[in-house]
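Scroll down for the structure; my scribbles are underneath it.
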Amino acid sequence: MAKVGVVYGTNAGDTKVVAEYIAKNFDSEIINAKELTLDFLNSYDKLIFAASTHGHGDLQKDFKTKLDIIAEAEFGGKTLALVGVGGQVKHPTTFLDGLVEFLPHIRGVKLVGATDIDGYAFKNSLSFINGKFIGLAIDYKNDKDWQARADKWVESIKSEF
Ligand SMILES: Cc1cc2nc3c(=O)[nH]c(=O)nc-3n(C[C@H](O)[C@H](O)[C@H](O)COP(=O)(O)O)c2cc1C
């Protein structure tokens, strides 16, 4: 298994907990999006981006400021999986919307790890495309079973990583 670069963007720490939980399943280097550089992205062929949604459906701010760097990276031949952390109860119309902000900037990547709704209730999500979430969906504050959800997802992507 190749080494995996894991990047997380968090306001209050929830996404850090989720990203660390996932990263320990891989031989990985994990960094905060605040520290993200082009060198880091270019160093790994296997990447996981974990980001919360804030504001009104906005990508977490530290990751948002790095979208220009992400746009510069060479993603051809790379594999990427996305993890969205959000709140379906208080934000049912923008649940995990921020995750889609990555999509225009990761041209050429092999995006893996789309998931089914699996019991999450929300009205709208920009990250729900063609009947699937574009990555792993985690409602950290409202879902006591989030770790089981993450475990299942890790198993599903392992063959790609
Ligand atoms: C001001 C505010 C706005 C939020 N807006 C959204 C939203 O639009 N969609 C969503 O899914 N979650 C939203 N959330 C929920 C957070 O994403 C959720 O609490 C998450 O666990 C925070 O993770 P973090 O501490 O890693 O940033 C919002 C939270 C706050 C405090």
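What follows draws every value from the coordinates through simple rules; no lab data is involved. Owing to the predicted nature of the structure, the values given are computational and were not obtained by experimental measurement. Cβ: placed from backbone, ideal geometry, glycine included. Neighbour counts: every protein chain shown.
Observations
- Hits among lysines - C-alpha to C-alpha of Lys66 under 16 Å, sequence gap 8 or more where chains match: Lys34
- Charge dipole (Cα centre; +1 on Lys/Arg Cβ, -1 on Asp/Glu Cβ; no other charges) of the chain amounts to roughly 220 debye.
- Exceedance of the 21 Å cut-off in Cα-Cα distance is limited, within the set Lys123/Lys158; Lys24/Lys46; Lys3/Lys158; Lys90/Lys141, to Lys123/Lys158.
- Gyration tensor (alpha-carbon) shape descriptor, segment 13-80, a/c threshold 1.5: oblate
- Of the peptides 132-139, 22-29, the order by per-residue mean of other Cβ atoms within 10 Å, starting with the highest, comes out as 132-139, 22-29.
- Positive-end residue of Leu96, Val6, Ala19, charge dipole of the chain with Cβ unit charges: Leu96
- The chain: angle of helix 14-23 to the longest principal axis, Cα-based, in degrees nearest 10: 50 degrees
- On full extension, the segment bounded by Glu29 and Glu72 gains 13.4 nm, given 0.36 nm per residue less the C-alpha separation.
- Taking a point 7 Å out from the Cα of Asn142 in the direction of its Cβ, the residues of segment 101-135 whose backbone N falls within less than 13 Å of it are 119-125.
- The long axis of helix 146-157 is offset from the longest Cα principal axis of the chain by roughly 40 degrees.
- Charge sum, other residues only, whose C-beta stays under 9 Å from Asn32's C-beta, Lys/Arg counted +1 and Asp/Glu -1: 0
- Fraction of beta bridges assigned by DSSP in segment 4-160 that are antiparallel (%, nearest 5): 15 percent
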